[in-house]
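All remarks here apply to the structure that follows.
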Ligand code: ATP
Ligand code: MG
């Protein structure tokens, strides 16, 4: 008679159990969202330990984020209790790579206390390398080289392994030598970048077979979550390590592959069966997370993708609430409706911790955060700083603060050499010295210092110009709108240009945030009022912990789940994102769709999609077209909460009328506002949008029958 199953196995379905109990040999779990893949991994670890097959330190488990690693540790702790024997090696590829590299650093020419360079340092170094090679950095920006090198490293390529054609594509054919020179510089600094953490492990193992053997021996069981998002270097790393005992279990879902832009390769799923012949492949089909409507919506949406391995997903849960789609007048109203809906849920006793707002790009967070702060809704931003804490936003704010208040030394110090204007530490020290002696703020001491001989002529003239700029900007504030002055400051200071020069997705996002910052100022009468608001926002929400709404990008939401998920900004151009479409065409669209699928499948009980009819894109108001993803949802599982009037005239099925998110205002307001704005589209100047954004009910324009410009898109 077989003994009863251990407690931790209870409740698993037969396929899950198979994946847990197939302890020896390669295992691949290929299954959709919410089917218990992560649960299988944690249970598998518990099982290995409980049955004595492995001690914790024989196990290596790879997660996609540090957060996921922490959660997995907690779950394992709960399953096996205080084991006393420690925990498995559990972390991201990078974290584990670091740990290994530190132990054997000398074998790759480093000391064990090597530093891991962040993006900023990496760029600084690359600039030096480019300059040393006598290449014009204006033509060949360091970011471009950084991108190329990251790409090579993601593919596991050391300098000498880069295909000649690719290496020739940068800096007049000097890509390869620059990469090599960069690696030399890193080594002499006893430093590595992120990509090196894996690449150097690979080298370490290739050059030291005995060492590789000892690790292969040691990690008797290897587990990998979110396997679909591994890149080639990670795959090679894994394959080398797993060749020993070959007890490797990977779980993944091709429909959730969302890091192709960072070099992840879904093909690794296919390679697995090739490289580990005889792998047990388990498919899980029952979704335990979401109610019927949510699952139907997510499945129907993703069925529009062509490149899929194909899976079935079913649920035994109730159909539950339909997925809602809400049209808002503009993004501010969208943020308001969403916050009201959250308050509504809160009033009914729903914990805030079970609510998430998932955005496509981080600039979308600003309005949501502002609204939360206004309402006093506690929130946390997961996986990144809050909007006003982003580096570029803080830099811009520092300029504004000094303009408004020349005595703001902290702000002055932040930007006194940002963008780089050749002012070094010596100058700053001189400023501080004088400032202390004379008892005046730094900016004032700068003005005094340039009248002396203390500084070199170049620093003197730069500093003089800076002082004059601040005086001029402060003067502008007297008779120009503060938003325009802010714009001028960012341009004249060279700050915007600094990011414009760096043509990468990262820089583009920062530029978007800067525009969003200027835009947010419109809501305040003057600069002082705005800065006061910022101070309050920065102060609010300081404490972590407690019951809070989670705000994050869709990318950061992978693997997580919440009762209620809000998905704002489903508009063409924003989501699917134009940049992804431009850069990768059809493949880009499919990755965007997978991202939408990830978003929907985070929800247990409620998924609430919304779009705004008007959004400011690149500083200009324009009418938007709802995302094609909305049209790809199954009608039977979707409830349309509000339809902007113009949109209803189109062929779409979004023609029913109901109050948005349960609040109410009359439809005629919508129609009138829509028509009125449509007429103003061409002449939208400064000031007009602010009026429009106050919301339809406050617009007293007369009906304009004919819509023009972008608004016509709704009727096409
Ligand atoms: P994703 O693809 O989004 O990462 P996943 O496949 O990793 O999802 P899990 O997060 O492991 O799925 O599980 C989803 C939810 O279903 C969790 O709340 C989990 O506890 C629950 N669950 C998984 N298996 C079972 C089961 N056999 N019985 C009850 N609940 C389960
Ligand atoms: Mg998971």
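Distance from a point 7 Å along Cα→Cβ of residue 139 to each backbone N in region 170-210: keep the residues under 11 Å and list them by number. Counting only backbone N, you get 171-173.
Per-residue Cβ neighbour counts within 10 Å put 432, 47, 293 in the sequence 432, 47, 293, beginning with the fewest. Seen through its C-alpha gyration tensor, with square-root eigenvalues sorted a ≥ b ≥ c, region 425-509 comes out oblate because a/c lies at 1.5 or above while a/b is not bigger than b/c. With the simple model of a label 7 Å out from the Cα in the direction of the Cβ, residue 340 to residue 547 spans 2.3 nm.
For the chain, rounded, prolate or oblate, judged on the Cα gyration tensor with a ≥ b ≥ c (square roots of eigenvalues), a/c < 1.5 rounded, else prolate if a/b > b/c? It comes out oblate by the Cα gyration axes. Spin-label model, residue 7/residue 374: points 7 Å from Cα along the beta carbon direction are separated by 5.0 nm.
Counted over the chain, the DSSP beta bridges are approximately 15% antiparallel. A simple spin-label model places the labels of residue 479 and residue 187 6.4 nm from each other, with each point 7 Å out along Cα-to-Cβ. A full extension of the chain between residue 243 and residue 57 corresponds to an added length of 65.2 nm, given 0.36 nm per residue minus the alpha carbon distance. For the pair residue 464 and residue 172 in one chain, pulling the backbone fully straight at 0.36 nm per residue adds 101.3 nm over the alpha carbon distance.
Here r is the Cβ-Cβ distance between residue 74 and residue 283 and R0 is 41 Å; the resulting FRET efficiency, rounded to 0.05, is 0.90.
For region 168-269, what class follows from the C-alpha gyration tensor (a ≥ b ≥ c being the square roots of its eigenvalues): rounded when a/c is under 1.5, otherwise prolate if a/b is larger than b/c, else oblate?
Oblate, since a/c reaches 1.5 and b/c is not below a/b.
Put in line by how crowded their Cβ is, counting other Cβ atoms within 10 Å and starting with the fewest, 76, 100, 609 read 100, 76, 609. Taking each DSSP H run with n ≥ 4 as -39500 (n - 2.57) and averaging over every residue of the chain yields -14500 deg cm²/dmol at 222 nm.
As a proxy for reagent exposure, 435, 188, 623, 461 were ordered by neighbouring Cβ count within 10 angstrom, fewest first; the result is 188, 461, 435, 623. Using 0.36 nm per residue and subtracting the Cα-Cα separation, the extra length available between residue 270 and residue 308 on full extension is 12.5 nm.
Values quoted throughout were computed directly from the atomic coordinates according to the rules given, and no laboratory measurement underlies them. The structure presented is a predicted model; accordingly, all values stated were derived computationally and were not measured. Ideal geometry is used to build each Cβ from the backbone, glycine not excepted, and the neighbour counts take in all protein chains shown.
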